[in-house]
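Take a look at the structure below.
The values are calculated or read from the model by the stated rules, or taken from the named source; none is laboratory data. All values reported here derive from a predicted model rather than from experimental measurement. As a convention, Cβ positions derive from the backbone with ideal geometry for all residues, glycine included, and neighbour counts pool all protein chains shown. Please note that ligands, DNA and RNA were not included when accessible areas were found on the heavy atoms of the full protein model with its side chains. Shrake-Rupley method; radii C 1.70, N 1.55, O 1.52, S 1.80 Å.
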Amino acid sequence: MAALPARAEGVPTKIVSLDYGLASTMLSLGVTPAAVASLADWGRWMVEPEMPASVIDLGNSWEVNFEILAALKPDLILTTPYLDTLLPRLEATAPVLRLEIFTPETGEILPAAIAATRKLAAAIGRADEGERFLAGAEALFADCRRRLEPLSPPPLALVSFMDARHARIYGAPGLFDNVLRKIGVENAWKEESNFWGYQTIGIEELSRITDPRARLIAFEPLPGDVLPKLDQSPLWQALPFARPGHFSVVPPALMFGMVNEATRFASIITRELESGS
């Protein structure tokens, strides 16, 4: 169990998170969570920041292990509206901080993630650390924009393949769309997405992207058979993204994250465009 230094009387020190974005934000504020939901998949979807080995896995976020949670006796549970069905049991266990980032009313995600970061930092006595963290993120976005501007980057369409025929494509008001604008890159997908920031499409719908300069970027992890099947797919071969230099696969970045995940996404996209691959 993580032992956290007390900062002031009444400030929670044993904190668990049911959300990846909130957990990664805690680490950036200098606080190690006592436990995190779905921790087994952290390396698959988050990669960074690295989660300390001391952190306990609470099990799937939809099936939180309440026996472990109760035994931990946390001072605070961090959650989001996505898990509202668990609220009665969570509130019976410990104080709960519910932070809204992805909701139908939220609008653009990056400003909501920044606001949630400030609320979290204040709640755990890390307001100064929160402001330094957010200033560092803004500096990173500005640096990415400075590096990309002379490259006149092409519009990007961003997808996560579900199989060789279907993908999630990311648009407004999602986190990836918000960050593209921050770093001066046009989103090639102009259609409005759901409040999570994506649409599920058939790959033939990529033909609605008509800008000849557009590139398609897919995020790992991909289902293992996607690339071989695309190579043999007449549907895929008919798309402009099948041309050399118009499609690439990059490391994972969590589309449903917060500021850390936004900066990771910005760094990945910047390196990819600078590489010219």
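Can you send over the carbon and sulfur percentage of the accessible area for the chain, probe radius 1.4 Å, protein chains only?
Result for the chain: 53 percent of the exposed heavy-atom area is carbon or sulfur.
Rounded to the nearest 500, what is the chain's calculated 222 nm mean residue ellipticity when only DSSP H runs of at least 4 contribute -39500 (n - 2.57) each, over all residues?
-10500 deg cm²/dmol
For the chain, with every protein chain kept in place, what is the accessible area per residue (1.4 Å probe, Å²)?
For the chain, the solvent-accessible area averages 45 Å² per residue.
With +1 on the Cβ of every Lys and Arg and -1 on the Cβ of every Asp and Glu, and nothing else charged, how large is the dipole of the chain about its Cα centre, in debye rounded to the nearest 20?
420 debye
Setting aside same-chain residues fewer than 8 positions from Lys14, which lysines have a Cα under 29 Å from its Cα?
Lys73, Lys119
Which value in nm describes the separation of the simple spin-label points at Phe195 and Glu100, placed 7 Å from the Cα toward the beta carbon?
Once both label points are built, they end up 0.8 nm from each other.
In nm, give the distance between the simple-model label positions of Arg146 and Gln232, each being 7 Å from the Cα along the Cα-to-Cβ direction.
5.0 nm
What ³J(HN,Hα) values, in whole Hz, does the Karplus curve 6.51 cos²θ - 1.76 cosθ + 1.60 give for the range 25-32 when θ = phi - 60°, with x put for Gly and Pro?
5, 4, 4, 6, 8, x, 10, 8
Could you give the length gained on full extension between Trp62 and Val47, defined as 0.36 nm per residue of separation minus the Cα-Cα distance, in nm?
3.3 nm
Return the whole-Å distance between the Cα centroid of the range 72-97 and the Cα centroid of the range 205-257.
For the range 72-97 versus the range 205-257, the Cα centre distance is 39 Å.
With both partners inside the range 132-233, how many of the DSSP beta bridges are antiparallel, as a percent to the nearest 5?
Roughly 60 percent of the DSSP beta bridges within the range 132-233 come out antiparallel.
Rank-order 26-36, 99-109 by packing density, defined as the average count of other C-beta atoms within 10 Å over each peptide's residues, highest first.
The peptides rank, most packed first, as 26-36, 99-109.
Based on DSSP, what percent of beta bridges with both residues in the chain are antiparallel, to the nearest 5?
So the antiparallel bridges in the chain amount to around 30 percent.
Points 7 angstrom from Cα along the Cβ direction at Ala92 and Val11: gap in nanometres?
Those two pseudo-labels are separated by 3.3 nm.
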